[in-house]
Amino acid sequence: MTQESFVDFQNVWLAYNDELLAQNHFAVEDINLQVKQGEFIAIVGPSGCGKSTFMKLTTGLKMPSKGRILVDGQPVTGPLKISGMAFQASSLLPWRTTLDNVLLPLEIVEPYRSNFKQKKAEYVERARKLLSTVGLAGYEDKFPWQLSGGMQQRASICRALIHEPKMLLLDEPFGALDAFTREELWCILRDLWTEQKFNVILVTHDLRESVFLADTVYVMSKSPGRFVVKKEIDLPRPRDLEITYTPEFTNIVHELRGHIGAMRKTGAAINQ
């Protein structure tokens, strides 16, 4: 592993149980991946190719059948505390206000949990600041059912970042939103990442989203999932939405779409 790799997958295979392992039936196979400190990567590919399985491996919710995974220089042996997660469903607790939903990780994750009562005022201030950053100032006391889908997703991202994780994992976070709201949230995520430079792993079906946000896009093959294409996105930063209408941007999207289309037809692997 190079010194600067923050996430390091070394020949990782995963079968979901011993029976499948005995049959050599893997959900993901032969994953070798090195993600640099502060890098933003996106993973795209056909449905059922193992993108979400990869997320579970990265956070320690699943252990590999073969190979090993290091995050921040440490072997992954169980669920990571240094990561935050957000999903397509915002999964906010309906009986808690926006502010209380965002504070939730600080109530349950150590070392914050032990200090929650003493430091509550400081944590509330942190949550308010984060909500303000994503345009939710004034909505702290609203309940999830009083928020639009886009607002709920903003609150969900705040909740994932409140404990200042080193890594943010996003599984189709904007998939259920309309195009305008989605693009607005791309810009919010871009700004948060630019400011804080945490590592991001984004799983998405949206190729435009992956090219706009990521430093590197990986294409996964159909099950068993393997990374078959690595595309470094050489578009300059900071990127604004205007870039999505340029030939340079469109060419990259078409190239990725071509790789995925070829896999859908043949199921064959494509190399970088």
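The values are calculated or read from the model by the stated rules, or taken from the named source; none is laboratory data. As the structure is a computational prediction, the values presented were derived from the model and not from experiment. Please note: Cβ atoms are built from the backbone with ideal geometry, for glycine as well, and neighbour counts cover all protein chains shown.
Data overview
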{"read-out": "Residues of the range 32-47 that turn out to be within 21 Å of ARG264 (Cβ to Cβ) and in contact with a Lys or Arg (Cβ under 7 Å, 6 or more places away or on another chain), as a count", "value": "3"}
{"read-out": "Where LYS117 falls short, out of the listed (1) outside any strand (DSSP E or B); (2) of a type outside the set (Asp, Glu); (3) surrounded by 13 or more Cβ atoms within 10 Å (Cβ to Cβ)", "value": "(3)"}
{"read-out": "Conditions (1) touching a Ser or Thr at 6+ places or on another chain (Cβ under 8 Å); (2) surrounded by fewer than 22 Cβ atoms within 10 Å (Cβ to Cβ); (3) not hydroxyl-bearing (Ser, Thr, Tyr); number of the one not met by GLY261", "value": "(1)"}
{"read-out": "Given (1) in contact with a His (Cβ under 8 Å, 6 or more places away or on another chain); (2) within 30 Å of VAL228 (Cβ to Cβ), number of the condition PRO105 does not satisfy", "value": "(2)"}
{"read-out": "Residue match in the range 195-215 (condition: part of a loop (DSSP other than H, G, I, E, B) and in contact with a Ser or Thr (Cβ under 7 Å, 6 or more places away or on another chain))", "value": "yes"}
{"read-out": "Residue identified as surrounded by fewer than 21 Cβ atoms within 10 Å (Cβ to Cβ), under 17 Å from the mean Cα position of the chain (by Cα) and in contact (Cβ under 8 Å) with a residue 12 or more places away in the chain among GLN88, GLN153", "value": "GLN88"}
{"read-out": "Single residue of THR204, THR246, THR181 found to be of a type in the set (Val, Ile, Thr) and under 14 Å from VAL44 (Cα atoms)", "value": "THR204"}
{"read-out": "Only listed residue being part of a helix (DSSP H, G or I), touching a residue at least 24 places away in the same chain (Cβ under 8 Å) and among the aliphatic types (A, V, I, L, M), chosen from LEU136, LEU177, LEU189, LEU169", "value": "LEU189"}
{"read-out": "Pairs, first among the basic types (Lys, Arg) in the range 91-115, second buried (at least 18 other Cβ atoms within 10 Å of the Cβ), C-beta under 9 Å, six or more apart", "value": "ARG96/LEU103; ARG96/PRO144; ARG113/LEU106"}
{"read-out": "Filter result (closer than 15 Å to ILE201 by Cα and among the polar types (S, T, N, Q)) within the range 66-88", "value": "SER83, GLN88"}
{"read-out": "Residue that is under 28 Å from PRO144 (Cβ atoms), in the same structural domain as ASN101 (by TED's automatic domain parsing), among the hydrophobic types (A, V, I, L, M, F, W, C) and in contact with a Leu (Cβ under 9 Å, 6 or more places away or on another chain), where the choices are LEU213, LEU161, LEU185, LEU192", "value": "LEU161"}
{"read-out": "Filtered residues of the range 83-104 (kept if of a type in the set (Phe, Trp, Tyr) and assigned to a loop (DSSP other than H, G, I, E, B))", "value": "TRP95"}
{"read-out": "Residue in the range 241-264 that is of a type in the set (D, E, K, R), without any contact (Cβ under 8 Å) to a residue 40 or more places away in the chain, closer than 26 Å to ILE157 by Cα and out of contact with any His (no Cβ under 8 Å at 6 or more places or on another chain) present", "value": "yes"}
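Conditions tested, residue by residue: (1) modelled with pLDDT of 95 or more; (2) not in a helix (DSSP H, G or I).
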site: VAL228; (1), (2): no, yes
site: ARG239; (1), (2): yes, yes
site: THR244; (1), (2): yes, no
site: PHE249; (1), (2): yes, no
site: GLU255; (1), (2): yes, no
site: HIS259; (1), (2): no, no
